[in-house]
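One structure is given below, encoded as structure tokens.
The values are calculated or read from the model by the stated rules, or taken from the named source; none is laboratory data. Keep in mind that this is a model prediction, so the values were computed, not measured. As a convention, Cβ positions derive from the backbone with ideal geometry for all residues, glycine included, and neighbour counts pool all protein chains shown. These accessible areas exclude ligands, DNA and RNA; they are computed on the full protein's heavy atoms, side chains included. Shrake-Rupley method; radii C 1.70, N 1.55, O 1.52, S 1.80 Å.
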Amino acid sequence: MTEKLYEGKAKILYATDDPDILLTHFKDDATAFNAQKRGTIVEKGKMNCQITVALFQWLESQGIPTHLIEQSADDKILVKRVKIIPIEVVIRNIAAGSLCRQTGLKEGYKLPFSLVEFYFKNDELGDPLLTRDRLLILELATEEQLKQLQNLALEINQHLQEFFSSCQITLVDFKLEFGIDKEGKILLADEISPDTCRLWDKTETDPQKRVMDKDRFRRDLGQIETAYQQVQKRVLDKLGLGDNGG
């Protein structure tokens, strides 16, 4: 294996022979509550890798620029080298998780408009929610970049809401990360998977049984692998890639 550049909670980044191309390895490790809870989800790396590749390629076809080059193994992708913007962009369509805890909104409440929030990507500080002015004071992004991030996030949300709905899945909320390439262009980076999305099964009304994402791990709901497999199958089948889904 080539030089390891970075290891995060869910992925490892390696250098390649080309300085402009990196290799991303998706791990089976699972973490929650800022890594206070740790575990393993069997074949999570492969599932999240395939889901991410399928969704990134589909978003590219919808005009969203991403860092993806190609999938190089079941749990690995080659990506364009970008400078990650240290902001987690969270888009919320339905109240759940920290939004309910911080506001008192009831879980499942459909928001009157999609909410875009910016979190400082900093484990030591606990990835805090920041106001726009705080982001500017910390120089995490420029005013123009924040506008671009917001517009891109809302555009991606529109595409993904429609896509997941066609898979009989409700996109409750999700996290995006972006990077800047050597030309200065903002690209969608990281991943889109049940690790980074809150997904509810439209065919299930039970509030626990409908969960198809990492909340099953966070809340000890069991059947985590089954939920991820179901998301993988529906996404790949919808895109005509079912035979590659394992």
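Label zone (residue 125, point 7 Å along Cα-to-C-beta; backbone nitrogen cut-off 15 Å) within the range 139-161: 139-142. What the chain shows is 50 Å² of accessible area per residue, with the surface traced by a 1.4 Å probe over protein heavy atoms.
Measuring spread by the Cα atoms of the chain yields a radius of gyration and Dmax of 17.3, 51 Å. With the convex hull drawn over the C-alpha atoms of the range 102-171, the volume per residue is 125 Å³. Per-residue 3J(HN,Hα) values for the range 68-73, derived from phi via the Karplus relation 6.51 cos²θ - 1.76 cosθ + 1.60 with θ = phi - 60°, read 5, 9, 6, 8, 10, 7 Hz in sequence order (x marks Gly and Pro).
Quick check: residue separation of residue 165 and residue 111 times 0.36 nm, minus the Cα distance between them. What number comes out in nm? Walk me through the numbers before you get to the answer.
Values: separation 54, 0.36 × 54 = 19.44 nm, distance 1.67 nm.
Full-extension gain reported as 17.8 nm.
Take the Cα of residue 37, step 7 Å toward its Cβ, do the same at residue 206, and the gap between the two points is 1.9 nm.
Charge tally for residue 100 (other residues, Cβ to Cβ under 12 Å; Lys, Arg +1; Asp, Glu -1): +2. Amide H contacts of residue 211 (H built 1.01 Å from N, in plane; Pro and chain starts excluded): 201 sit under 5 Å, all sequence-distant by 5 or more or on other chains. Taking the accessible area of the chain, probe 1.4 Å, and keeping the other protein chains in place, the carbon and sulfur fraction comes to 47%. Comparing Cα centroids, the range 108-153 and the range 40-80 end up 24 angstrom apart.
Here the 3J(HN,Hα) profile of the range 159-172, calculated from phi with Karplus coefficients 6.51, -1.76 and 1.60 at θ = phi - 60°, is 4, 5, 4, 5, 5, 5, 4, 5, 9, 6, 10, 8, 8, 6 Hz, Gly and Pro shown as x.
Taken one residue at a time, the phi angles of the range 100-107 give Karplus couplings (6.51, -1.76, 1.60, θ = phi - 60°) of 5, 5, 8, 10, x, 5, 7, 4 Hz. Gly and Pro are set to x. If Lys and Arg each add +1 and Asp and Glu each add -1, what is the summed charge of the other residues whose beta carbon sits under 13 Å from the beta carbon of residue 219? So the environment of residue 219 carries a net charge of +3.
Ranked from highest to lowest mean number of other Cβ atoms within 10 Å per residue, what is the order of the peptides 51-57, 215-221?
Result, highest mean first: 51-57, 215-221.
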